Amino acid sequence: MKRLLRQSILPIIPSLQCLKKEQVFKNREIVKQLIDITLYLGRHGLAFRGHREGWYEQNKGNFKDLIILISKYSPIMAQYITEIKMQKHKSECSFISWRKQNLLIDTISECIVTFIDEEIVGARFFSISIDSTFDISRKEQVSFVIRYVQNDTIKERFIALKESSNTRGVDLAELFYSVCTDHNLDWKHYLIGQAYDGAASMRGQYTGLQSIINEQNTSAVYIWCWAHRLNLVVIDAVSSGNNAMDLFGNLEQIFDFVCSSKKRVSLYEKN
């Protein structure tokens with residue numbers, strides 16, 4: 001009986017293994033296509049999801065719409081979408097749920113950041129540029145940009161965006177320390193330049209971010225951001241004389257006069 005039972009079971013095992021390999025191959029192909037979609041939306045800065053994402057909605061969001069477009073030319077993706085539609089209550093466990101979309105975004109982001117970190121560590125010496133802005137959500141966002149040289153080519157990489165309710169030099173320094181720790185950057189030995197705007201919290205001689213960093217790394221030369229300096233120079237230049245003030249004042253009034261009326265805008269473009 002044992003021998004007969006073994007003989008009856010043996011043919012099932014290879015078929016199960018073959019079925020498993022086939023399923024793994026399909027899943028990998030599906031994930032590859034989803035990664036391409038994620039990269040495409042990320043490069044173009046497009047939103048992933050829409051307000052209504054049902055399968056029978058006319059506009060299902062960029063991510064789902066691109067999946068449907070690819071399914072027209074990919075039998076594997078078409079089959080997978082059909083299976084999801086048939087399993088309505090298990091849609092959250094699919095590869096295209098909002099949780100899996102976020103997981104794809106986070107995973108790709110980690111891969112990109114790891115690649116950038118390896119380049120910076122390989123280049124050894126680097127400089128940093130930090131700036132902050134009060135965005136539309138009423139939050140202070142601090143951006144971190146790293147510049148380094150690789151193969152005689154200057155590279156500039158955006159590595160972090162941090163929210164900060166306080167913008168004192170000490171608070172910005174704490175953010176700077178955390179970013180360098182997250183990216184394994186040895187700023188005490190290899191940071192050779194820092195570029196910020198002219199705010200007191202940035203360039204302050206005693207409590208500014210640049211002075212706090214210079215206390216531990218004297219090689220990190222501070223350079224006032226040239227874009228901000230140029231902006232201040234232009235403001236001073238156009239305010240230096242009555243003729244310049246009249247010219248730009250008249251231009252501003254003309255701009256307001258034309259743009260405050262649709263009819264005037266149409267006449268201006270026509271003539």
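The values are calculated or read from the model by the stated rules, or taken from the named source; none is laboratory data. Every value quoted in this text rests on a predicted model; they were computed, and no experiment measured them. So basically every Cβ, Gly included, is an ideal-geometry build from the backbone, and we count neighbours across all protein chains shown. Heads up: the accessible areas ignore ligands, DNA and RNA and are worked out on the full protein's heavy atoms, side chains in. Shrake-Rupley method; radii C 1.70, N 1.55, O 1.52, S 1.80 Å.
Stick to Cα atoms and the Kirkwood definition of Rh, then tell me Rg/Rh for the range 122-271.
When Rh is taken as the Kirkwood radius, the ratio is 1.14.
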Give me the percent relative contact order of the chain, please, defined on Cα pairs under 8 angstrom at least 6 residues apart. 9 percent
Treat each spin label as a single point 7 Å out from the Cα along the C-beta direction, and report the Phe248 to Val113 distance in nm. 4.0 nm
Contour excess over end-to-end distance, with Cα ends at Thr207 and Ala47 and 0.36 nm allotted per residue: 53.6 nm
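Once R0 is set to 30 Å, what does the formula 1/(1 + (r/R0)^6) return for the Cβ-Cβ distance between Ile136 and Ser94, expressed as a FRET efficiency to the nearest 0.05? All intermediate terms of the calculation are to be shown ahead of the outcome.
Working: r = 33 Å, r/R0 = 1.10.
Here the calculated transfer efficiency is 0.35.
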So, for the Cα atoms of the range 195-271, Rg and Dmax in Å stand at 20.9, 62
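Measure up Lys155/Lys188; Lys21/Lys100; Lys32/Lys139 against 26 Å on the Cα-Cα distance and list the ones that go over. Walk me through the numbers on the way to the answer.
Numbers: Lys155/Lys188 21 Å; Lys21/Lys100 22 Å; Lys32/Lys139 36 Å.
In this structure, Lys32/Lys139 exceed 26 Å between Cα atoms.
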Top to bottom by accessible area (1.4 Å), largest first, where do Ile112, Ile154 land? Ile154, Ile112
Distances over 30 Å make up what percent of all Cα-Cα pairs in the chain? 59 percent
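So, for the range 42-91, what is the accessible surface per residue at a probe of 1.4 Å, expressed in square angstrom? Spell out each step's value before the answer.
Values: 3860 Å² over 50 residues.
On a per-residue basis, 77 Å².
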Calculate what fraction, in whole %, of the accessible area of the chain sits on carbon and sulfur atoms when a 1.4 Å probe is rolled over the protein chains. 57 percent
Cα-based shape type of the range 52-106, given that a ≥ b ≥ c are square roots of the gyration tensor eigenvalues and the cut on a/c is 1.5: rounded
Degrees between helix 169-182 axis and first principal axis of the chain (Cα, 0 to 90, nearest 10): 30 degrees
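With a cap of 13 neighbouring Cβ atoms within 10 Å, and only residues DSSP puts in a loop, list the GluC sites (Glu not before Pro) found in the range 20-68.
Values: sites: Glu22, Glu29, Glu53, Glu57; in loops: Glu53, Glu57.
Within the range 20-68, the qualifying GluC sites (Glu not before Pro) (loop, at most 13 other Cβ atoms within 10 Å) are Glu57.
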Per 10 Å bin, what is the whole-percent P(r) computed from every C-alpha pair distance within the range 18-99? 16, 51, 28, 5, 0
Taking the range 83-183, which trypsin sites (Lys or Arg not before Pro) meet the DSSP loop condition and have no more than 14 other C-beta atoms within 10 Å? Arg124, Arg138, Lys139
What's the percent breakdown of Cα-Cα distances in the range 1-143 across 10 Å bins, shortest bin first? 9, 26, 25, 18, 13, 5, 2, 1
